[in-house]
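Student: My questions all concern the structure below.
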Amino acid sequence: MSCPHVAGIVAYVKSFHPDWSPAALKSAIMTTTKPVKGHYDDLAGEFAYGSGNINPQQAIPPGLVYDITKQDYVQMLCDYGYDTNKIKQITGDNSSCHQASKRSLVKDINYPAMVIPVYKHFNVKIHRTVTNVGFHNSTYKATLIHHNSKIKISVEPKLLSFKSLHEKKSFIVTVVGEAKSNQTVFSSTLIWMFGCPPKIFQDFIIIFWDKF
């Protein structure tokens, strides 16, 4: 039943923001949910229950959104080894790779969740860019929630200050640690807070390890 509910909510949010891209709409819905914890398979984590319970009213003014352009998706296909002919079949136009393939992972696309496959010892950097769709002259402060002493997560910069609407700011999340053989999935929450009472904009950092 989630599909028709989400489709209706997308139409509802889009009625307020007709110029938003599909990625921006999805970001607004995902980052303003109420997280669900402890009701599903803990080993599956967010893979079992997604971002959480959707709040349509909160999704209308999300504050920040992660946007993704068509060329971003095309470049991701390039990084995965798709040639020009295959890309044209998918896009239906003359889209092509504008940069040399870096063989990057899905984690590098500007998505509201950060999923990192790791093996034993790891040191991973994740780049993200957010767009201000909230208020002029606004500052968001990063807060991390995680409960694993063997994994260190940091965000730089910790403050994102905007002077205008549609302004973009980038940040880097660094995840350092060691995978444990008795755990397959670990998740953390990155929260950007603004105002008082705070407006919360959140996403998830999900780490899962390959077999040892």
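The values are calculated or read from the model by the stated rules, or taken from the named source; none is laboratory data. As the structure is a prediction and not an experimental result, all values here were calculated from the model. Note that each Cβ is placed from the backbone with ideal geometry, even for glycine, and that neighbours are counted across all protein chains shown.
Student: Would you call Ala48 at pLDDT 95 or above, among the aliphatic types (A, V, I, L, M) and part of a helix (DSSP H, G or I)?
Tutor: no
Student: Could you say which residue among Glu178, Glu167 is touching a residue at least 24 places away in the same chain (Cβ under 8 Å) and either closer than 15 Å to Gly63 by Cβ or not assigned by TED's automatic domain parsing to the domain that holds Asp19 (or both)?
Tutor: Only one candidate qualifies: Glu167.
Student: Shifting gears a bit: Based on this model, can you work out whether Val13 counts as closer than 30 Å to Tyr140 by Cα and either aliphatic (A, V, I, L, M) or at pLDDT below 90 (or both)?
Tutor: yes
Student: Ok, one more. Step by step: first the residues of region 175-212, then only those that are touching a Ser or Thr at 6+ places or on another chain (Cβ under 9 Å), of a type in the set (A, V, I, L, M, F, W, C) and surrounded by fewer than 15 Cβ atoms within 10 Å (Cβ to Cβ), then the one that is modelled with the highest pLDDT. Which residue is that?
Tutor: The qualifying residue modelled with the highest pLDDT is Val176.
This table checks each residue for (1) of a type in the set (A, V, I, L, M, F, W, C); (2) in a strand (DSSP E or B); (3) in contact with a strand residue (DSSP E or B) (Cβ under 6 Å, 6 or more places away or on another chain).
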residue	(1), (2), (3)
Gly134	no, no, no
Ala142	yes, yes, yes
Asn148	no, no, yes
Lys152	no, yes, yes
Leu160	yes, yes, yes
Ser170	no, yes, yes
Val173	yes, yes, yes
Phe201	yes, yes, yes
Phe204	yes, yes, yes
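The rows are residues; the columns are (1) of a type outside the set (D, E, K, R); (2) surrounded by fewer than 18 Cβ atoms within 10 Å (Cβ to Cβ); (3) within 19 Å of Ser188 (Cβ to Cβ).
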{"position": "Ile68", "(1), (2), (3)": "yes, no, no"}
{"position": "Asn85", "(1), (2), (3)": "yes, yes, no"}
{"position": "Ser95", "(1), (2), (3)": "yes, no, no"}
{"position": "Thr129", "(1), (2), (3)": "yes, yes, no"}
{"position": "Phe135", "(1), (2), (3)": "yes, yes, no"}
{"position": "Thr139", "(1), (2), (3)": "yes, yes, no"}
{"position": "His146", "(1), (2), (3)": "yes, yes, yes"}
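Student: Does region 149-159 contain any residue that is surrounded by 15 or more Cβ atoms within 10 Å (Cβ to Cβ) and charged (D, E, K, R)?
Tutor: no
Student: Name the residues in region 138-151 that are more than 15 Å from the chain's Cα centre (by Cα) and modelled with pLDDT under 90, would you?
Tutor: Answer for region 138-151, where residues must be more than 15 Å from the chain's Cα centre (by Cα) and modelled with pLDDT under 90: Ile145, His146, His147, Asn148, Ser149, Lys150, Ile151.
Student: Which condition number in (1) of a type in the set (A, V, I, L, M, F, W, C); (2) closer than 20 Å to Ile109 by Cβ; (3) surrounded by 13 or more Cβ atoms within 10 Å (Cβ to Cβ); (4) at pLDDT 80 or above is the one that Ile172 fails?
Tutor: Failing condition for Ile172: (3).
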